[in-house]
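Step one of this worksheet: look at the structure below.
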Amino acid sequence: MRILVIDDNAHHSELAARRLMQEGWEVFASDKPDVDSSWKDYDFILLDYSMPKRTGLDVLKALKEQDVNVPVIFLTGHGNEIIASEAIKQGAFDYVVKDTQLLYLERLPNVLREAKSKYELIETNRFLIQELRRANERLQTESYTDEMTGIHNYRFMRRQIEVEIQRAIRYEKPMSLCLIDIDHFKDINDRFGHPAGDLVLKELARILKDATRTVDYVGRYAGDEFLILFPNTELGAAVRLAERIRSMVADHPFVSEGQTIHVSLCVGVTDFDPKKRNTSESLIVAADKCLYQAKKDGRNRVHSKLRLISSESNKRDAAASAQQA
């Protein structure tokens, strides 16, 4: 164990150093209370309170400011227990009351042994608490993350929808939701294999994240279906965002083992209504009805209660998918 003794009384510090060296410990005595980086190399610091240049409390403050996290045993004279108590409040690990007969020197080795055991226990507990906190954070992240795609899972999305509903009610703000389905995903798996299907899901998740705003929430609903939650967004704006996503995916080449897979989407878009669509379940049901209508009307399109988006680009994208099939 390496110990630093700081005491302006050279005789006292030398006596303390000799007694501690009898225990086989490496001890360095100094009368200079100027904190420097070398103090970090010690296991304990014995620090006297009464020094001419600065008090032990001043040194404790300097240790904290310079991030020297070495446990300090405070040395104080008889009758200065109040000062010792203040030292504990400011970060000292323990204190020893000095006496005129220097009997405290015989107690020092046991004080340091007990302090070392306590400090190691505290550090172990601190480490275990940090590990437990990190483990809990990992578990929470995993419980709200889709393992395959790395985006939010349905559990998180449903909870977040409820949060945004309450915010929309409280601040009288709009909110929209879209449900996305990959057209003929089973055919992709059958023709190109399940690894290719997994690639499409992962790549689509990335495209959805890149195409949406930082305030939006993207999650996997189930299988080849995805959810996007648009906070503070009118239905018309959400429809335009959904159409932009549909168009991006239709133009994007999904490549698996040298083969290009053409992917198109059906998207159902709905919005929050304080009377009709005011729960996560009712919003998802409404979006699902719009999604069903998009499929019914020919796929590769966006549908909402406002309108069905269909264009020449939709027809071209549908023709490309038909050629692939």
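For SER50, state whether it is in contact (Cβ under 8 Å) with a residue 40 or more places away in the chain and over 25 Å from LYS118 (Cβ atoms).
So SER50 passes the test.
In the range 19-36, how many are within 12 Å of LEU4 (Cβ to Cβ), open to solvent by 60 Å² or more (accessible area, probe 1.4 Å) and not charged (D, E, K, R)?
Qualifying residue count for the region: 1.
For the range 294-314, give me the residue count where each residue is in a helix (DSSP H, G or I), open to solvent by 30 Å² or more (accessible area, probe 1.4 Å) and either among the hydrophobic types (A, V, I, L, M, F, W, C) or at pLDDT 95 or above (or both).
Here the count works out to 0.
If the Cβ limit is 7 Å and pairs must be 6+ apart or interchain, which residue in the range 195-223 that is among the aliphatic types (A, V, I, L, M) pairs with which residue that is in a helix (DSSP H, G or I) and open to solvent by less than 20 Å² (accessible area, probe 1.4 Å)?
ALA196/ILE188; VAL200/ILE188; LEU204/VAL249; ILE207/VAL249; LEU208/ILE245; ALA211/ILE245; VAL218/LEU208
One line per residue, one yes/no per condition, for (1) β-branched (Val, Ile, Thr); (2) open to solvent by 40 Å² or more (accessible area, probe 1.4 Å); (3) within 32 Å of the chain's Cα centre (by Cα):
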{"position": "LEU227", "(1), (2), (3)": "no, no, yes"}
{"position": "ALA250", "(1), (2), (3)": "no, no, no"}
{"position": "VAL255", "(1), (2), (3)": "yes, yes, no"}
{"position": "SER264", "(1), (2), (3)": "no, no, no"}
{"position": "VAL269", "(1), (2), (3)": "yes, no, yes"}
{"position": "THR279", "(1), (2), (3)": "yes, yes, yes"}
{"position": "ALA286", "(1), (2), (3)": "no, no, no"}
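Among (1) farther than 21 Å from ARG301 by Cβ; (2) of a type in the set (D, E, K, R); (3) in contact (Cβ under 8 Å) with a residue 24 or more places away in the chain, where does ASP273 come up short?
Result: ASP273 passes all but (3).
Output the residues belonging to the range 101-159 that are of a type in the set (S, T, N, Q), open to solvent by 100 Å² or more (accessible area, probe 1.4 Å) and either under 23 Å from ILE3 (Cβ atoms) or at pLDDT 85 or above (or both).
GLN101
What pairs come out if I take residues in the range 106-119 that are without any contact (Cβ under 8 Å) to a residue 60 or more places away in the chain and under 17 Å from ALA17 (Cα atoms) and pair them with residues that are open to solvent by less than 60 Å² (accessible area, probe 1.4 Å) and among the aliphatic types (A, V, I, L, M) whose C-beta lies under 7 Å away, six or more apart or interchain?
ARG107/VAL96; VAL111/ILE73; VAL111/VAL96
The values are calculated or read from the model by the stated rules, or taken from the named source; none is laboratory data. Since the model is a prediction, treat every value here as computed from it, not as a measurement. Every residue, glycine among them, receives a Cβ derived from its backbone with ideal geometry; neighbour counts consider all protein chains shown. Surface areas here come from the heavy atoms of the whole protein model, side chains and all, with no ligands, DNA or RNA. Shrake-Rupley method; radii C 1.70, N 1.55, O 1.52, S 1.80 Å.
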